[in-house]
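The structure under discussion appears below in the form of structure tokens.
The values are calculated or read from the model by the stated rules, or taken from the named source; none is laboratory data. Just so we're clear, the structure is a prediction, and the values are computed from it rather than from any experiment. Reconstructed Cβ throughout: ideal geometry from the backbone, glycine too, with neighbour counts over all protein chains shown.
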Amino acid sequence: MRYTMSSSRVVLIRSRGIQPGLGKLDTAAIHSMFDRGFKLLTGQSNAQQAVFSIFRPGERIGIKINTLSGKEASTRPELATGLAEWLVQGGLKPENIIIWDRMNRELRDAGYRLRTGRDGIRIFGTDSDGIGHDPELIGHLNIGSLFSSILKNMVDASISLAILKDHCIAGVTAGMKNYYGAVHNPNKYHDTGCNPYIAELFDSPPVRSKHRLSVIDSLIVQYHRGPAYNPRWSEKFDGLIFSLDAVAADRVGWKIIEKLRSAAGLPSLRDEGREPAYLHTAEKMGLGNASDSKIELIEETV
């Protein structure tokens, strides 16, 4: 999808009751956040209409999560399965939904229980037996990579369910950089603040043709010294960000990080030389809107 519209809608839903205890999420609150977020994003009045305004019946959906940093700083299992279950309630078939990331070990370390059967929602990594990376080398601009067979061959549409974090090189890691976990050589794309690589990877055919939605987990935000977990610089924010525009979603996430940094007396990412320049590149490439004047932000607490 390329953006010619004057504005992109981003929905920020917060729920003060979603984290009742340390390491725990309230499942009813998760459902309420997804229900309200999808309805506000799509302008539809019920779950089925909201789901099918984004996805087509019978489509195979991949939910790309981020489990690189263990339980403390990865997409929560309750959140990923909660999203999948909400999509099923909206009319998608459970057997057509895959929750996935790079490695089964990382999924387990983040608290996921693998599900590889053909019945129901599946959860597994690219390194699973018989999966791996598709052997076709994709060359696009400065990108040259093998892509996960899950993204390339096993799904028709992709959701980036990333966790919002400060990144020591890129400045911000969120929905767009989440696709680094879809290629065999992500370390190749960290020079010059990951710019233009994050934008160009997102623009590559396997990602651009499949990405449909960004949902950014900002329940707990690592706003400094990321992307690894650092409790001194993490903050309960109790939010989820929804957008059909991946660039705009990341831009709103960047603003949240800057707000938390300011409240903690930290310099801005720009002052530290880590402004996420990939967002400006992505906007110039027509991948979405990174300018506040072109983003319609809707905020609500449930």
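Which one of these is under 13 Å from the mean Cα position of the chain (by Cα), more than 19 Å from residue 211 (Cβ to Cβ) and polar (S, T, N, Q): 69, 74?
74
Can you find, within the range 256-284, the residue that is surrounded by the fewest Cβ atoms within 10 Å (Cβ to Cβ) among those that are of a type in the set (A, V, I, L, M) and part of a helix (DSSP H, G or I)?
Filtering first and then ranking leaves 263.
Test each condition in (1) exposed (fewer than 15 other Cβ atoms within 10 Å of the Cβ); (2) among the small types (Gly, Ala, Ser); (3) in contact with a Ser or Thr (Cβ under 9 Å, 6 or more places away or on another chain) for residue 73 and report the one that comes out false.
(1) is the only condition that residue 73 fails.
Would you say residue 232 is without any contact (Cβ under 8 Å) to a residue 24 or more places away in the chain, within 24 Å of residue 67 (Cα to Cα) and not in a loop (DSSP other than H, G, I, E, B)?
Yes; evaluated as a whole, the condition is true for this residue.
From 230, 195, 178, 185, grab the single residue that is buried (at least 23 other Cβ atoms within 10 Å of the Cβ) and among the polar types (S, T, N, Q).
Exactly one residue qualifies, and that residue is 178.
Residue 168 versus (1) under 27 Å from residue 192 (Cβ atoms); (2) among the hydrophobic types (A, V, I, L, M, F, W, C); (3) buried (at least 17 other Cβ atoms within 10 Å of the Cβ): which is the lone unmet condition?
Result: residue 168 passes all but (3).
Restricting the first residue to the range 189-205 and requiring it to be closer than 15 Å to residue 285 by Cβ, which pairs with a second residue that is part of a loop (DSSP other than H, G, I, E, B) and β-branched (Val, Ile, Thr) meet a Cβ separation below 8 Å and a spacing of at least six or different chains?
Matching pairs, first to second residue: 194/169.
If residue 228 satisfies every condition in (1) modelled with pLDDT of 95 or more; (2) of a type in the set (Gly, Ala, Ser); (3) out of contact with any strand residue (DSSP E or B) (no Cβ under 6 Å at 6 or more places or on another chain) but one, which is the exception?
Unmet condition: (1).
Here are some conditions: (1) of a type outside the set (D, E, K, R); (2) surrounded by 18 or more Cβ atoms within 10 Å (Cβ to Cβ); (3) closer than 22 Å to residue 273 by Cβ. Residue 160 meets all but one. Which one does it not meet?
(3)
How about the range 113-153: which of its residues are β-branched (Val, Ile, Thr) and surrounded by 15 or more Cβ atoms within 10 Å (Cβ to Cβ)?
121, 123, 126, 131, 138, 143, 150
Can you confirm whether residue 65 is touching a Leu at 6+ places or on another chain (Cβ under 6 Å) and within 18 Å of residue 154 (Cβ to Cβ)?
For residue 65, the condition - touching a Leu at 6+ places or on another chain (Cβ under 6 Å) and within 18 Å of residue 154 (Cβ to Cβ) - is met.
Considering every residue within the range 292-302, establish whether at least one is within 18 Å of the chain's Cα centre (by Cα) and either under 26 Å from residue 138 (Cβ atoms) or without any contact (Cβ under 8 Å) to a residue 12 or more places away in the chain (or both).
no
Might you check whether a residue that is assigned to a strand (DSSP E or B) and among the hydrophobic types (A, V, I, L, M, F, W, C) occurs anywhere in the range 101-122?
No, the range 101-122 has no match at all.
For the subset of the range 99-112 comprising residues that are over 17 Å from residue 161 (Cβ atoms) and of a type in the set (D, E, K, R), which member is surrounded by the most Cβ atoms within 10 Å (Cβ to Cβ)?
So the residue we want is 109.
Quick one: in the range 76-98, which of the residues that are in a helix (DSSP H, G or I) and among the β-branched types (Val, Ile, Thr) is surrounded by the fewest Cβ atoms within 10 Å (Cβ to Cβ)?
Result: 88.
Under 7 Å between Cβ atoms, which residue pairs at least 6 apart in sequence (or on different chains) link something in the range 115-136 that is free of Cβ contacts under 8 Å to residues at least 60 places away in the same chain with a partner that is assigned to a loop (DSSP other than H, G, I, E, B) and of a type in the set (Phe, Trp, Tyr)?
Every condition considered, the pairs that remain are 123/112.
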